[in-house]
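The values are calculated or read from the model by the stated rules, or taken from the named source; none is laboratory data. What you see is a predicted model, and the numbers here were worked out from it, not measured in a lab. Here the Cβ positions follow ideal geometry from the backbone for every residue, glycine too, while neighbour counts run over all protein chains shown.
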Amino acid sequence: MSTAEWYLDFAERQARGTSPTYERLARAVARDDELLALLDSVPPPKRQPNLLFAVVQWLGGPVADHDLFRTFVTAHWPAVATELRSRATQTNEIGRSALVLPVLAALPQPLALIEVGASAGLNLYPDRYRYRYGDVEVGSSGPMLRCATTGLTPPTALPQVVWRAGLDLNPLDITSAADRSWLEALIWPEHEHRRERLRAAAAIATADPPRLIRGDLVDELPALVAAAPPDATRVVFHTSVLYQVPAERRAAFRTLVGSLPVHWISIEGSDVVSFPELPPAPDDGRHQNVLALDGKPLAWTEGHGQEMTWFAG
Ligand SMILES: C[S@@+](CC[C@H](N)C(=O)[O-])C[C@H]1O[C@@H](n2cnc3c(N)ncnc32)[C@H](O)[C@@H]1O
């Protein structure tokens, strides 16, 4: 996919219907030969629309108006390129806890949670948030995560988590103001509700910071699983991580996790974790991930946890 096609795809399948600002901006970048030439001077993974927009926000630049945006990017290109090269999209989206929760709640309790690609680890606290699935509310404190559902029988209680830990190539420190402001820069302009719940989750995690290991998900997972209490149900999970992992390492991870004494919850694109058979995705053309337990697909899910279409029996 060329850089222009990537920006158009982002506009059409990710930003459309949820961020008019980023949809407009991505379409404008896709037509802007000068910006495309600058982007093509950094390695392909660093040309990612969401990364560029977050870096510009992080540097204090404008994202609401394309002319101002392009003036900023061209004037500050050395700084923009440095940040693109050194950063990655590490969006820590606690809305995804609403997607994982129904599966966690249905497993034998209590649970030991092991998250790979945890970013700052905010999804390691699913038992400390509140959820609303249609008319059903679960939990009594913490930020409210709303998820519109089709076909789901919502959970009736929170899971009981007795142990939690994560790993990441570059764990973010939720107690650091700099890392928190990068997490905020990754949030899309109109998504004030996401910014608010990020701050609320950050306060919860800051009071009891997560145990996060720096390392690769294949190399470090066995030791982390071995450290979890064996009398709890050990659950390895990951959300929107494997698209950042090369294909052969993804395959190695899948083989590894299948060999460990754990349940495995994944929420990834179907082009990243594939399944022999899937029902058609909800037909609105937007990108959807697949929620799966132990390699069995259960539901289509929207990127930030706002919707889920359950299709498993
Ligand atoms: C898009 S973020 C998602 C974070 C979190 N899972 C969420 O949904 O909020 C992807 C995370 O995966 C991490 N990651 C990418 N490749 C990895 C690898 N090989 N091993 C461990 N973590 C990795 C990145 O550093 C980043 O923090």
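Against the numbered list (1) under 24 Å from Ala98 (Cα atoms); (2) touching a residue at least 40 places away in the same chain (Cβ under 8 Å), Leu278 comes up short only at (2).
If you take just the helices (runs of 4 or more DSSP H) that sit entirely in segment 1-42, which of them hold at least 1 residues that are aromatic (Phe, Trp, Tyr) and within 20 Å of Ala64 (Cβ to Cβ)?
3-10, 20-30
Residues in segment 4-45 that are surrounded by fewer than 20 Cβ atoms within 10 Å (Cβ to Cβ) and hydroxyl-bearing (Ser, Thr, Tyr): Thr18, Thr21, Ser41. Taken as a whole, segment 111-120 holds no residue that is touching a helix residue (DSSP H, G or I) at 6+ places or on another chain (Cβ under 8 Å), crowded, with 17+ Cβ neighbours inside 10 Å and part of a helix (DSSP H, G or I).
Conditions (1) crowded, with 16+ Cβ neighbours inside 10 Å; (2) outside any helix (DSSP H, G or I); (3) in contact with a strand residue (DSSP E or B) (Cβ under 6 Å, 6 or more places away or on another chain), marked per residue:
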| position | (1), (2), (3) |
| --- | --- |
| Ser141 | no, yes, no |
| Ala148 | no, yes, yes |
| Pro159 | yes, yes, yes |
| Ile174 | yes, yes, no |
| Asp179 | yes, no, no |
| Glu196 | no, no, no |
| Leu212 | yes, yes, yes |
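Can you find a residue that is among the hydroxyl-bearing types (Ser, Thr, Tyr) and surrounded by fewer than 16 Cβ atoms within 10 Å (Cβ to Cβ) anywhere in segment 299-310? Taking every residue of segment 299-310 in turn, none turns out to be among the hydroxyl-bearing types (Ser, Thr, Tyr) and surrounded by fewer than 16 Cβ atoms within 10 Å (Cβ to Cβ).
A quick yes/no check of all residues on (1) modelled with pLDDT of 95 or more; (2) among the polar types (S, T, N, Q):
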| site | (1), (2) |
| --- | --- |
| Pro209 | yes, no |
| Asp219 | yes, no |
| Leu224 | yes, no |
| Thr233 | yes, yes |
| Val241 | yes, no |
| Ser259 | yes, yes |
| His287 | no, no |
| Leu298 | yes, no |
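Given the structure, is Pro20 more than 30 Å from Thr309 (Cα to Cα), in contact (Cβ under 8 Å) with a residue 40 or more places away in the chain and of a type outside the set (Phe, Trp, Tyr)? When the stated conditions are applied, Pro20 does not pass them.
Within segment 43-65, the residues that satisfy the criterion of being touching a His at 6+ places or on another chain (Cβ under 9 Å) and either in a helix (DSSP H, G or I) or more than 15 Å from Ser86 (Cβ to Cβ) (or both) are Val56, Gly61. Within the option set Thr89, Thr74, being β-branched (Val, Ile, Thr) and part of a loop (DSSP other than H, G, I, E, B) holds for one residue only, Thr89. Between Ala202, Ala165, the distinction of being within 15 Å of the ligand (Cβ to nearest atom), aliphatic (A, V, I, L, M), part of a helix (DSSP H, G or I) and in contact (Cβ under 8 Å) with a residue 60 or more places away in the chain belongs to Ala202 only. Given the condition surrounded by 15 or more Cβ atoms within 10 Å (Cβ to Cβ), among the polar types (S, T, N, Q) and within 10 Å of the ligand (Cβ to nearest atom), answer yes or no: does some residue in segment 218-234 qualify? Scanning segment 218-234, I find no residue that is surrounded by 15 or more Cβ atoms within 10 Å (Cβ to Cβ), among the polar types (S, T, N, Q) and within 10 Å of the ligand (Cβ to nearest atom), so the answer is no.
Of all residues in segment 255-268, those satisfying the criterion of being surrounded by 15 or more Cβ atoms within 10 Å (Cβ to Cβ) and free of Cβ contacts under 8 Å to residues at least 40 places away in the same chain are Leu256, Val257, Leu260, Trp264, Ser266, Glu268. Among the residues of segment 240-287, the ones that are closer than 15 Å to Glu115 by Cα, within 12 Å of the ligand (Cβ to nearest atom) and of a type in the set (D, E, K, R) come to 1 in all.
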